[in-house]
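The values are calculated or read from the model by the stated rules, or taken from the named source; none is laboratory data. Keep in mind it's a predicted model, so treat the numbers as computed, not measured. Note that we place each Cβ from the backbone using ideal geometry, even for glycine, and neighbour counts take in every protein chain shown.
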């Protein structure tokens, strides 16, 4: 990773917004910019690079963030914030308004009002999101490593999947495989949802015992050097009846069509509409109640978003999921999720776990 | 769990603060009040109980939150918030100012200003914290189950701890044991920090191979039905030299003294001072740079806090950690952490993993 390049790109954005410095508080952004693992604290990026943290992380920050000066804090923000900004030359300070709590904002505002040279707090909006959503080649490679682990987990799963195993037991079996094949702690809890539970897009694995002749939705992610993957497959044990085949085929068509037709320059909403229209035409519009996809990276869900209100434009270098689904209360559901990268204006699928059809 | 009692206690607090309803957004609070697992969304608690979520969680909310009316949302807050509050009778609406982002606050404020009957947003401050920090007997029992799993993990660890194992391998061995003995996904990443790494209070397990004759700090937690435990022990393989014995004994004395002397009615700062003074007198004051403890419950770190600026008062029914530590850069560290419950005005230790002395 190249925090130096990232800091440089961030400074360009600050200059464009006429912000002299920015106050970073969001955990993934702390890592993205400083390289310090698991840091709790703040960064102040302006003329210099300041890392603000307490006793617990100071030694680690010294080791992992050599480009940063370290400011050690203890106690409440009101105690240390004035000292940190005494003698500053900042008029306009950006902050992460989608992350910083209202209470923290108010505390900062109170302190800044009392300084000799007051500071205005300027919402950073999606400034960091927009930096992170276009991946460096090294980041795309780390995501690809996380995808390979998830692909291998599905291969392993196909051997273990049989009637009589509980959702929970299967989820734990998959988790062990993922962890023992190079993944850090998982980016999200594995979903194994069988039968009627498969109608819940975000079901938690339960003691429900997997049967023949019902849909089984499995959604897994791995984390490799902090970068995530996110894949879903739907299984069926025994001869597939017409309804299941029709639902599965519809979801698959929607996914493949979206993957073929999504191009750079489209908005997230335009991308989403491709799959949504196809599922709607098949008569399942109401049953596809979530977005088509989301970015993956340091977070399991990040920009870009591909939902029916997503205005952001898709461009080269973005890595995201394509995951249409159909959920029918009482019956179950089908979701298929692959990870893709936008290259030369179109999508390349980077996951390869087998599908039923 | 008894969401009904909790909702009733919350309503009493709202009445005291002259707030007619409260908007809940913090994940643990969503579960605490609704019983819906892994919910993403909001609760509006006032005259009635409303659960606000999207397609992905609606079916689960119907199953798990029978006391709540469900309001299904999609898209951006600005799209659905006006409809949700049309025809309302609320003048003062509480919100979780320590959780809600500044951006979300601003969006709500914008919508509320345009309503026929405007709504004032009132910071809830520590309203939910203060409900959650006194545990119901059933909650204390769930924490105790989580503590028993962590205790058993230390017994297991003592058999596995030998020179030549990496921090990472040992951490994964412990994690498997915890998960296979009844724990949900862990509340925090296990710390195994050996030799110089033990000087980092929040070290991440690395490829460093554990040796004889160095301190090894191991910090683990389990999660049982969403309630957490948090325990630390420090190990040493081989004959313990004088320095290690002295540091260990100082930390142990500080811990046992704090446990004996902490009484209900003390502030968190007074509790912290007991251990801090003892460590200071031994000449290690600078080396104990974090707080003495923190509450445990649905979160691994929650109220009450026992730090040198903690003004909150400790009372019966609270469950928290007592975890003094001494960290010496280049040498390593010692931390001992037990879980305690305040009963009849004094502390009862609920963890029982063995110590070296």
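Out of the residues in segment B:85-103 meeting the condition of being more than 8 Å from chain A (Cβ to nearest Cβ) and at pLDDT 95 or above, tell me which one is surrounded by the fewest Cβ atoms within 10 Å (Cβ to Cβ).
B:92
Tell me, please, whether a residue that is surrounded by 24 or more Cβ atoms within 10 Å (Cβ to Cβ), more than 21 Å from residue B:152 (Cβ to Cβ) and in contact (Cβ under 8 Å) with a residue 12 or more places away in the chain can be found in segment B:224-238.
no
Test residue B:108 against the criterion of being modelled with pLDDT of 95 or more and within 14 Å of another protein chain (Cβ to nearest Cβ), and give yes or no.
In short, yes.
Condition first: surrounded by fewer than 17 Cβ atoms within 10 Å (Cβ to Cβ), under 22 Å from residue A:47 (Cα atoms) and touching a strand residue (DSSP E or B) at 6+ places or on another chain (Cβ under 9 Å). Now tell me which residues in segment A:104-114 satisfy that.
Matches in segment A:104-114: A:109 only.
Taking segment A:65-84 as the region of interest, how many residues are more than 8 Å from every other protein chain (Cβ to nearest Cβ) and closer than 29 Å to residue B:107 by Cβ?
So the count comes out to 3.
In segment A:1-14, what residues are closer than 20 Å to residue B:204 by Cβ and assigned to a helix (DSSP H, G or I)? Don't jump to the end; show me each part of the working.
If we filter segment A:1-14 for residues that are closer than 20 Å to residue B:204 by Cβ, which is where we start, we get A:1, A:3.
The answer is A:3, and nothing else.
Only one residue in A:45, A:73 is over 23 Å from residue A:142 (Cα atoms), in contact with a strand residue (DSSP E or B) (Cβ under 9 Å, 6 or more places away or on another chain) and either surrounded by fewer than 21 Cβ atoms within 10 Å (Cβ to Cβ) or at pLDDT below 95 (or both). Which one?
From the options A:45, A:73, the qualifying one is A:73.
Would you check if there is a residue in segment A:166-183 being in contact with a strand residue (DSSP E or B) (Cβ under 8 Å, 6 or more places away or on another chain), surrounded by 17 or more Cβ atoms within 10 Å (Cβ to Cβ), away from every other protein chain (no Cβ under 13 Å) and not in a strand (DSSP E or B)? Spell out how you get there, then give the answer.
Keep residues of segment A:166-183 that are in contact with a strand residue (DSSP E or B) (Cβ under 8 Å, 6 or more places away or on another chain), which gives A:166-168, A:170-171, A:174, A:178, A:182-183.
So of that shortlist, the ones also surrounded by 17 or more Cβ atoms within 10 Å (Cβ to Cβ) come out as A:167-168, A:170-171, A:174, A:178, A:183.
Restricting the remaining residues to those that are away from every other protein chain (no Cβ under 13 Å) gives A:167, A:170.
Now restrict to residues that are not in a strand (DSSP E or B): A:167, A:170.
Within segment A:166-183, one or more residues are in contact with a strand residue (DSSP E or B) (Cβ under 8 Å, 6 or more places away or on another chain), surrounded by 17 or more Cβ atoms within 10 Å (Cβ to Cβ), away from every other protein chain (no Cβ under 13 Å) and not in a strand (DSSP E or B).
Does residue A:139 qualify as being more than 10 Å from every other protein chain (Cβ to nearest Cβ), under 19 Å from the mean Cα position of the chain (by Cα) and modelled with pLDDT of 95 or more?
Against the criterion (more than 10 Å from every other protein chain (Cβ to nearest Cβ), under 19 Å from the mean Cα position of the chain (by Cα) and modelled with pLDDT of 95 or more), residue A:139 qualifies.
Out of segment A:112-121, which residues are assigned to a strand (DSSP E or B) and farther than 28 Å from residue B:94 by Cβ?
A:120
Tally the residues that are within 14 Å of chain B (Cβ to nearest Cβ) and over 15 Å from residue B:201 (Cα atoms), restricting the search to segment A:44-64.
Qualifying residue count, segment A:44-64: 1.
Please specify each residue of segment A:191-218 satisfying the condition of being more than 9 Å from chain B (Cβ to nearest Cβ) and part of a loop (DSSP other than H, G, I, E, B).
A:205, A:206, A:207, A:208, A:210, A:211, A:212, A:213, A:214
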